[in-house]
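The values are calculated or read from the model by the stated rules, or taken from the named source; none is laboratory data. Since we're looking at a predicted model, the values are computed, not measured. Note that we place each Cβ from the backbone using ideal geometry, even for glycine, and neighbour counts take in every protein chain shown.
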Amino acid sequence: MMHKVQWRRGAGLAATALLGAAALAACGGGDSGDDGALKMVVWGGDLDKETYQARIDLLEAENPDITIDLQLIPSDQYEQKVQTMIAGGDGPDIMQVAENVNSYSSKSQLVPLDEYIESSGLDMEQRFGPVGDLYTYEDQTYAIPDRSGAMIVYYNKDLFDAAGLEYPTAEWTQEDAQAAMEQLTIPGEQWGYGGAGWWAQWWSFAYQNGGQIIDDSGRPAVNSPEVVAALQWANDLTHVHHVVPTAAEYADMGPDMGGDPAFAAGTVAMNTTGFWAIGGLIESDINWGIAPMWSGEQQAVSAFGSGLAVTRDSENPEQAFEAIDFLTDVEAQTVIIDKAQDVPANLEVQQSDAFLNPEWAPEGLDMGAFGESSEFIFRAPFIPEWNEMMATFDDNLGTFWNEGGDAKTELDKIQAQLESIIE
Amino acid sequence: MSNVVVDEAPGAARETRGAGRRRPKMSGRRKKEALYFWLFISPWLIGFVGFLLGPMIASVYISLTEWDSFTPPEWVGLENYSRALTEDPIFWKALGNTFYFAAISVPLGLVVGVWLANLLNKRVRGRKLFRTFIYLPTLVPLVATAMVFKMVLAPSGPFNDLLGWFGIDGPQWLLSATWIKPALIILSVWGAGGATVLLLSAMNGIPRELYEAAEIDGASPWRQFWSVTFPQITPVIFFNLIMGLIGAFQIFSQVYILAPNNNVGGPDNASQMMVTLLFQEAFSFYHFGYASAIAWLLFIVILLFTVIAFRTARKWVFYETEVR
C-alpha cells in the first residue's frame, strides 16, 4: 500500500515535471518562427521606434525577400533582455550595440562581419570615415556604425546676450569656457554650465589635456596628472567656482533633474550633451544654439553612437548583413535626420543638405557643428569590461561629485580597482 | 488495508508485503479524488518544478562555476563563495547595509504598525476614513512613491523644511552616504499600513469579555494593551516579522528607483544591498556564477534569521488553542 502511494506520487511528479518542461519549451520556442523574418532589437522610446520602423519599411519595399520584426526594448532593460535572449539560444538576428559591444564580441556572441563586408564591396572608410572601425575587436569588425554624433555645446542665446558675451566656438579654451560660465552665473538662480559629471563630459576634458582612460597598451591610466586635472576641474566648477548647480541644488529643482532638463528650463546657460537634446529644445521656449566643444591643450570630444550587429543565433547572417548594409546606406540613413532622431553615421548623409538644413530646425541652427566636431572625436575605450569600469567610476565618485573632494585620491583608488578588473 | 492482507498467501514473507506484486485496489471514489488532487494541484506543481525548483537546482551548479551566460560555464568549485567571503569588500558592505536596513526597518515597521492599529481600533469619529488613509500608501505603485520621495527628501524639500521647524538642519538624504539608508527605512515604514490592516483584524477578533474582565480587575488602558491586546495579536506580529524579514533582506526596487543619478547602490555603495549587488553582478557584469553564489549566501542568511525567529517564537507568540 505504502509503495503504491509512493509510486503514484512519483508518477504524478514525473508528469508534472514533464508538463513543466513542455511549458518551458513552449515559452522558449515562442516567436522565433520559421517564417524567415529577421528579428531586430533596438532600445529607446517612441521616436526611436518610429524611425527604425520607417527605415525598415524602406528596406522591405526595396527587398521583398527580407522581412524584419522590430522589437523596441526600453533602454534600461535592453542589456538584460538581450542577454537573456542570447543565453536562451533565442538571440535576435540584428541587434543595436554601443559602448558595451565588446562584452558580446569578446565572448563570440556576434558574427564577425569582415567577410560579408568584403563580398558586398562596402567601403567602411568611405561610408563612415574615422568611425568605420569603431566596432572592431581584435582586428575583426563586429558591427556597422549606424548612428554617430559628437557631444556638442548647447548655449542659451538670450542669457549670453544679456551677459554681453560672444557665443561659444570651437576656438574656445577651457579657460574661456570657465570665464564665460562665471559671467553667466547668478548665485542661487542661474548657472553658467550644466556640469560634467558624466563620463562623456569629463573624459572629453581628460583627452583634451592629453590624458587617456585606457592607454594604448590596454592598461588603465586614470591617475595620470592629465586625467586628475580634468576631473578636478570638472568638480571644481561645481564646488569651488559654483558655476554649476550642485547635486543638492539639482535635487531641489525636481526629481531626476540634471543638465539637460535644466538647460531646457533656461536655468543653466550652457550644456554639453548629444544630439538627442534637440528634440526637447525645439518644443521649449528658450532661444538656443549649438557649437562644437571647446578645447584644452588639444581638441577632443566624446561621441555617442550605436552600431548594428549580427548575433551568432542568426540563422541567416548573410541576409541580416544585407539588411544592415541597406539600413546604413544613404536612403535609409536620411530618415534618421528627417525624424530628428540622431546623427546618421553615414558621412554622405551628414554632409547632405537634408542634414545641414533639416525642416524641423530653428532658423540659423549650426548643424555643421557635428561635422566640425567629427574631426577631433577621441576614441573611447570600448573594453569588454565596460560596465564594470563604469560602475567603478560611479561607485567611487558618488560622494566626490555630491560634496567635492580631491580628484587624485579618488582616481588612485579607481586605478587600483580597474587594474584588478581589466585582465 | 485489511483486504490486501487477506489476499496474501499465508506463507508469504511478511517483509515483501506491499512490494507491488499485486496492485491493491483503490475504491472508485478514492481514485477520482486522487485524480482531482493532481489536477487541481498541477498548476502550482508545474510552476514550482518548472520555474522554482529547476532554476534553484541549476543555480547551485552555476554558483560553482564561472559563467558569463554566453559561453559554457567553467567549473571553479567553491571559489565564488570564498571570493565573496574573503576578497570582495563590496559584498561585506552590501551585507552590512542589508543588515542595517533589516535590523531597523523591520522592528520599526512592526512598532509603527501595532501603534497605528491600536489607534485605529479606538472608537473615534471617521475611523473608517483613517483606516483607508493608512492603507492607501501600500496601494500606490512603488515607482510613483519613489518619485514623490525624491521630491520630499530633496535637500530643501518639504521633509527638511519640517525638520527645520524643530531647529534641525536636515541632511541631504539621498545624496549622502550616511543618510541614504535611513531614507530607505523611512520609505519602507511609510508602507506600514499593510501590516496595520492585518493587526487590526487580529485586534477585532479579541473577545470583548477579556477587556471587561480586565476593567473590573482595575487594569489601566496601558495594562490592558500589554496583558490582553498584545498577547492576542502576537501570532499576527510573528507573521509580519517573518514576512518583513524576508522582504527586507530582499530589498531591491526601492534602491533601484531612489538611486541618485541612476548609480544603483550609490553614493559610494552606501545603499548597495544584497539583491542589487546580485543583479548588477549577473546582468551588468556577466558574472552569473558569482551572482548565484551571492544568492545562496543570502538564502542562508535569510534561513538563519527565519529559524532564529521560529525558535524564539515559543517564548513570546501566544496561540489560544495551545493553552495548556
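Being touching a strand residue (DSSP E or B) at 6+ places or on another chain (Cβ under 7 Å) and not acidic (Asp, Glu) is a property that A:LEU356 lacks.
Taken over the range B:125-146, the criterion of being over 24 Å from the mean Cα position of the chain (by Cα) and either loosely packed, with under 12 Cβ neighbours inside 10 Å or within 12 Å of chain A (Cβ to nearest Cβ) (or both) is satisfied by B:ARG125, B:GLY126, B:LYS128, B:LEU129. Being closer than 25 Å to A:SER217 by Cα and away from chain B (no Cβ under 14 Å) is a property that does not hold for A:LEU365.
Of all the criteria given as (1) surrounded by 19 or more Cβ atoms within 10 Å (Cβ to Cβ); (2) over 22 Å from A:GLY210 (Cα atoms); (3) among the charged types (D, E, K, R), the one not satisfied by A:GLU410 is (2). The helices (runs of 4 or more DSSP H) found entirely in the range A:302-390 that carry 3 or more residues being touching a Leu at 6+ places or on another chain (Cβ under 6 Å) are A:317-327.
Taking the criterion of being within 25 Å of A:GLU79 (Cα to Cα) and of a type in the set (Gly, Ala, Ser), the residues of the range A:306-339 that qualify are A:SER306, A:GLY307, A:ALA309, A:SER314, A:ALA320, A:ALA323. For the subset of the range B:50-103 comprising residues that are assigned to a helix (DSSP H, G or I), aromatic (Phe, Trp, Tyr) and touching a residue at least 24 places away in the same chain (Cβ under 8 Å), which member is nearest to B:LEU187 (Cα to Cα)? Going through the qualifying residues, I end up with B:PHE101. In the range B:275-299, the residue that is farthest from the other protein chains (Cβ to nearest Cβ) out of those that are of a type in the set (Phe, Trp, Tyr), at negative phi and crowded, with 24+ Cβ neighbours inside 10 Å is B:TYR290. Looking only at residues of the range A:395-417 that are of a type outside the set (S, T, N, Q), assigned to a helix (DSSP H, G or I) and touching a Phe, Trp or Tyr at 6+ places or on another chain (Cβ under 9 Å), we find that the one that is nearest to the other protein chains (Cβ to nearest Cβ) is A:GLU410.
For the range A:59-78, check the following and say yes or no: at least one residue is part of a helix (DSSP H, G or I), in contact (Cβ under 8 Å) with a residue 60 or more places away in the chain, more than 10 Å from chain B (Cβ to nearest Cβ) and under 21 Å from A:LEU327 (Cβ atoms). Yes, the range A:59-78 contains at least one residue that is part of a helix (DSSP H, G or I), in contact (Cβ under 8 Å) with a residue 60 or more places away in the chain, more than 10 Å from chain B (Cβ to nearest Cβ) and under 21 Å from A:LEU327 (Cβ atoms).
Which one of B:ALA293, B:ALA270 is assigned by TED's automatic domain parsing to the domain that holds B:VAL255, touching a residue at least 40 places away in the same chain (Cβ under 8 Å) and over 21 Å from the mean Cα position of the chain (by Cα)?
Among B:ALA293, B:ALA270, only B:ALA270 is assigned by TED's automatic domain parsing to the domain that holds B:VAL255, touching a residue at least 40 places away in the same chain (Cβ under 8 Å) and over 21 Å from the mean Cα position of the chain (by Cα).
Residues in the range A:277-300 that are modelled with pLDDT of 90 or more and under 29 Å from B:VAL148 (Cα atoms): A:ALA277, A:ILE278, A:LEU281, A:ILE286.
Number of residues in the range B:158-175 that are within 19 Å of B:SER188 (Cα to Cα) and not polar (S, T, N, Q): the value is 6. Answer yes or no as to whether B:THR71 is under 22 Å from A:GLN83 (Cβ atoms) and not basic (Lys, Arg). In short, yes.
If only residues of the range B:246-274 that are away from chain A (no Cβ under 14 Å) and surrounded by fewer than 21 Cβ atoms within 10 Å (Cβ to Cβ) are counted, the one that is nearest to B:ASP88 (Cα to Cα) is B:GLN250. When B:ILE302 is tested against (1) closer than 22 Å to B:ALA154 by Cα; (2) surrounded by fewer than 24 Cβ atoms within 10 Å (Cβ to Cβ), exactly one condition is not met: (1). Scanning the range B:58-71 for any residue that is modelled with pLDDT under 90, surrounded by fewer than 16 Cβ atoms within 10 Å (Cβ to Cβ) and not assigned by TED's automatic domain parsing to the domain that holds B:GLY265 turns up at least one such residue.
Taken as a whole, the structure places B:LEU174 among residues that are closer than 27 Å to A:GLY404 by Cβ and within 14 Å of another protein chain (Cβ to nearest Cβ). Among the residues of the range B:31-77, the one identified as on the phi > 0 side of the Ramachandran plot and more than 10 Å from chain A (Cβ to nearest Cβ) is B:GLY77. The condition of being loosely packed, with under 14 Cβ neighbours inside 10 Å and either touching a residue at least 24 places away in the same chain (Cβ under 8 Å) or over 25 Å from the mean Cα position of the chain (by Cα) (or both) holds for only one of B:GLY157, B:GLY164, B:GLY170, B:GLY191, that being B:GLY164.
Among residues of the range A:307-319 that are more than 13 Å from A:PRO145 (Cα to Cα), those with a Cβ under 6 angstrom from a residue that is of a type in the set (Asp, Glu), sequence gap 6+ or separate chain, pair up as A:SER314/A:ASP93.
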